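Student: I have a structure here, written as structure tokens, and I will follow up with some questions on it.
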Amino acid sequence: MKISSSLSRYLLLALCVGALAAPLLAQTSKTGFSAPHLKDGHPDLQGLWKLVASGPSPRAGSGIFSGMEYFPAALTARDELSRQPHQDLVAQCVTASVPGSTLYPPYPSLIVQDGSFVVIMYEFAHDVRIIPVDGSPHPKNFAALNGDSRGHWEGDTLVVDVTNFSKGKRWLNMGADYLDENSHVVERYTLTNPDTIGYEVTVEDPTVLVKPWTARVNLTRQPKGDQILEGACREGERDLDHYVSDDGKKLK
Amino acid sequence: MTSAILRLVWSVFATALLMLLIDPIQAPAQTEKTIAAGLTPDGEPDLRGIWEVHGTANWNIEGHPAGKGVAASKSVIVDPLDGKIPYQPSALEKRNAMTLSADPETKCYMAGVPRATYTPGPFQIFQSAGMVIIVYQDLHTYRYIPTTPRPQIDGADFWMGSSRGHWEKDTLVVDSISFNDQTWLDRVGNFHSNELHVIERYTLKGPKTLQYVARIEDPKVFTKPWSMRLIAERHSEPGFRVMEDECIRNARGVLEHTARSAK
């Protein structure tokens, strides 16, 4: 039994889901639903979740990404980038980053709350985000491909502020819609019914986007008894051989 | 009558001797102090924090002389008492023929169990009701360990295995199966097969000291189960964090861990 994911399976799935899915808007709670709370008084968002309505988009500027308004130079950069698929960190099994991890791969993620941390474990490439929710500020002199995430609660909504991204363009989909190191991401996670998290993300990027871009999707709770599996990607990956870099060298 | 008493004394003595021989880890442990762990809000022993094992086990878990950039060290194997892995003869030949450059860690593959524990870099333990999460800095590897009864995922070929935990007093006991045969136990090529079965025991020995004991069983490779014991120390430096560690090809085309190059 081979459960480890391979890139080819991922790309195929990505194309299928992307083609079929139209994004559903996250719904605000109009039904008077009240989220269950943990002993620390905060809403219980824990569980295994998966983006069902909206998958990775094979084309730039489609679906939830249609709201991204680029500066002219950034638009040119995007089109050039789309001809260099090996530049996509997802294709290299590195990370889909933020908010790509939530919007991009059709794999589940596990949310765990530990009092002073919210941990989000993504099945894709066994990526993980450790999010302090203790009021601490973003650090100075720190950069990471996933940025630095700090969370706080606004009522029953978990708000995660993400800055400190590494220099470079990180792809949001296979069409090379991208964000760079100047982006500021604010995510809002709200339980809208027992089995749905409404996820809203707003991104400002003064070197890429003319104005802030907001996307909304729903995450659906996975059946009881399912668990997060090991998303080996680089491990044993053979498809990377098919990618060739700018100087003609094969990537491994 | 006298012979009955003698028999009784002898059987008690023999049992004690046998226990010492069978379980040399448990025996010294009883004379060491174990501090009661604090409790999490859910009432479970609290092992939360950022921990790191120092030492040279990632290079060689058996005793070894000093090498290039590596200090000499005693074996971390506490059972058997000679500190040597009880290999089957053909497996020992295979181990002795391993080359350092073939270490799967150099290809940026997940380290496996127990190696992830002593791979350079810290790991962070998170707890919520009925589960423990361990995030290792090395290649952002994580393990989801339910501590409520839940069947194992059997027959899979995971790098980190399928893990199920339970509490024995203040000790977290983690039972793991469903491994592939691709990970090594250290850089010099100590290895296992896909029949690897690991039982790990995490015990707080002091506010900043976590004892880690791993019992390794693999009927394809070893003649009998064996155990290693390591100590992890708590990080309490202000602002200390598990860093992002991605594996990216550098300008020279060599795969590089971002957490190891970022200094």
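The values are calculated or read from the model by the stated rules, or taken from the named source; none is laboratory data. Bear in mind the structure is a predicted one, so any value in this text is a computation, not a measurement. Counting neighbours? That spans all protein chains shown, and the Cβs are built from the backbone with ideal geometry, glycine included. These accessible areas exclude ligands, DNA and RNA; they are computed on the full protein's heavy atoms, side chains included. Shrake-Rupley method; radii C 1.70, N 1.55, O 1.52, S 1.80 Å.
Student: Between A:Thr76, A:Phe65, A:His138, whose Cα lies farthest towards the positive end of the dipole of region A:47-223 when Lys and Arg beta carbons carry +1 and Asp and Glu beta carbons carry -1, centred on the Cα centre?
Tutor: Checking the options against the dipole of region A:47-223, the answer is A:Thr76.
Student: If you don't mind, another one. Longer than 32 Å from Cα to Cα, which of A:Lys140/B:Lys169; B:Lys68/B:Lys94; A:Lys50/A:Lys167 are they? Say none if no pair is.
Tutor: Working: A:Lys140/B:Lys169 42 Å; B:Lys68/B:Lys94 23 Å; A:Lys50/A:Lys167 29 Å.
Pairs exceeding the cut-off: A:Lys140/B:Lys169.
Student: Now for a separate question. Taking the Cα centre as origin and putting +1 on Lys and Arg beta-carbons and -1 on Asp and Glu beta-carbons, what dipole magnitude results for region A:121-201, to the nearest 20 debye? Don't jump to the answer; show the numbers that get you there.
Tutor: Working: 7 positive and 13 negative charges, 75 e Å.
For region A:121-201, the charge dipole is close to 360 debye.
Student: Please work out the Cα center distance from region A:87-109 to region B:191-263, rounded to the nearest Å.
Tutor: Cα centroid of region A:87-109 versus Cα centroid of region B:191-263: 25 Å apart.
Student: Net charge near B:Tyr109, counting Lys/Arg +1 and Asp/Glu -1 over other residues with Cβ under 9 Å of its Cβ? Present the calculation step by step, with values, prior to reporting the outcome.
Tutor: Details: positive: A:Arg234, B:Lys107; negative: A:Glu235, B:Glu105.
Local charge sum for B:Tyr109: 0.
Student: Another question, then. Can you give the relative contact order of region B:155-223 as a percent, counting alpha carbon pairs under 8 Å and 6+ residues apart?
Tutor: Numbers: 128 pairs, mean separation 17.9, N = 69.
Relative contact order for region B:155-223 comes out at 26 percent.
Student: Counting other C-beta atoms within 10 Å, and keeping those with at most 14, which DSSP coil trypsin sites (Lys or Arg not before Pro) do you find in region B:131-207? Mind dumping the intermediate values first?
Tutor: Values: sites: B:Arg143, B:Arg164, B:Lys169, B:Arg187, B:Arg201, B:Lys205; in loops: B:Lys169, B:Arg187.
Filter output for region B:131-207: B:Lys169.
Student: With a ≥ b ≥ c the root eigenvalues of the C-alpha gyration tensor of region A:47-223, is it rounded (a/c under 1.5), prolate (a/b larger than b/c) or oblate?
Tutor: Working: a/c = 1.63, a/b = 1.35, b/c = 1.21.
Taking the square roots of the gyration eigenvalues as a ≥ b ≥ c, region A:47-223 is prolate.
Student: On a full-extension model of 0.36 nm per residue, what is the gain between B:His166 and B:Met243, subtracting their alpha-carbon distance, rounded to one decimal in nm?
Tutor: Values: separation 77, 0.36 × 77 = 27.72 nm, distance 2.85 nm.
Full-extension gain reported as 24.9 nm.
Student: Not counting ligands, DNA or RNA, and with a 1.4 Å probe, what is B:Ser101's accessible surface area in Å² rounded to the nearest 10?
Tutor: Answer for B:Ser101: close to 100 Å² accessible.
Student: Report, as an integer, the average count of C-beta atoms from other chains found within 10 Å of each Cβ along A:127-138. Kindly include the intermediate steps, with their values, before the conclusion.
Tutor: On the way: counts 4, 9, 3, 10, 0, 1, 0, 0, 0, 1, 0, 0.
Other-chain Cβ atoms within 10 Å of each residue's Cβ, averaged: 2.
Student: Residues with beta-carbon under 12 Å from that of A:Glu123, excluding A:Glu123: net charge, scoring Lys, Arg +1 and Asp, Glu -1? Don't skip to the end; give the middle numbers.
Tutor: Working: positive: A:Lys50; negative: A:Asp127, A:Asp226, A:Glu230.
Residues close to A:Glu123 contribute a combined charge of -2.
Student: Here's a follow-up. Among B:Leu172, B:Leu39, B:Leu210, which one shows the biggest mean-square fluctuation in a GNM of chain B, springs joining Cα atoms closer than 10 Å?
Tutor: Of B:Leu172, B:Leu39, B:Leu210, the most mobile in the Gaussian network model is B:Leu39.
Student: If R₀ is 45 angstrom, what is the calculated FRET efficiency for the pair B:Lys208 and A:Ser66, using the beta carbon separation as r and rounding to 0.05? Please report the intermediate quantities before stating the final value.
Tutor: On the way: r = 53 Å, r/R0 = 1.17.
E between B:Lys208 and A:Ser66, to the nearest 0.05, is 0.30.
Student: Another question, if that's okay. What net charge is computed for the residues neighbouring B:Phe179, neighbours being all others with C-beta under 10 Å from the C-beta of B:Phe179, Lys and Arg scored +1, Asp and Glu -1?
Tutor: Numbers: positive: none; negative: B:Asp157, B:Asp181, B:Glu195, B:Asp218.
Summing Lys/Arg as +1 and Asp/Glu as -1 gives -4.
Student: Return the loop-located trypsin sites (Lys or Arg not before Pro) in region A:169-239 (DSSP other than H, G, I, E, B) with at most 14 other Cβ atoms within 10 Å of their own Cβ; answer none if there are none. Before the final figure, lay out the partial values.
Tutor: Values: sites: A:Lys169, A:Arg170, A:Arg188, A:Arg216, A:Arg221, A:Lys224, A:Arg234, A:Arg238; in loops: A:Lys169, A:Arg234, A:Arg238.
Of the trypsin sites (Lys or Arg not before Pro), the ones in loops of region A:169-239 whose Cβ has at most 14 other Cβ atoms within 10 Å are A:Arg238.
Student: Pop a pseudo-label 7 angstrom from the Cα along the beta-carbon direction at both A:Lys140 and B:Ser193 and give the gap in nm to one decimal.
Tutor: It works out to 5.8 nm between the two label points.
Student: Based on Cβ point charges of +1 for Lys and Arg and -1 for Asp and Glu, what charge dipole magnitude is obtained for region B:49-257 about its Cα centre, in debye rounded to the nearest 20? Provide the component values of the computation, followed by the final result.
Tutor: Values: 23 positive and 25 negative charges, 60 e Å.
Dipole size: approximately 280 debye.
Student: Tell me which of B:Ser101, B:Gln88, B:Ala71 sits at the most positive position along the dipole axis of region B:37-116, charges placed on C-beta atoms (Lys, Arg +1; Asp, Glu -1).
Tutor: Result: B:Ser101.
Student: With charges only on Cβ, +1 for K and R and -1 for D and E, what is the dipole size of region A:47-223 about its Cα centre, in debye, rounded to 20?
Tutor: Numbers: 14 positive and 20 negative charges, 60 e Å.
In debye, rounded to 20, region A:47-223 gives about 280.
Student: Hey, what angle do you get for helix B:2-22 against the long axis of chain B, alpha-carbon based, 0 to 90 degrees rounded to 10?
Tutor: With both axes taken from Cα atoms, the answer is about 0 degrees.
Student: Turning to a different aspect of this structure: Taking a cut-off of 19 Å between Cα atoms, list the aspartates and glutamates near B:Lys224, but don't count ones fewer than 8 places away on the same chain.
Tutor: By straight Cα distance, B:Lys224 reaches B:Asp23, B:Glu62, B:Asp79, B:Asp82, B:Glu93, B:Asp175, B:Asp181, B:Glu195, B:Glu200.
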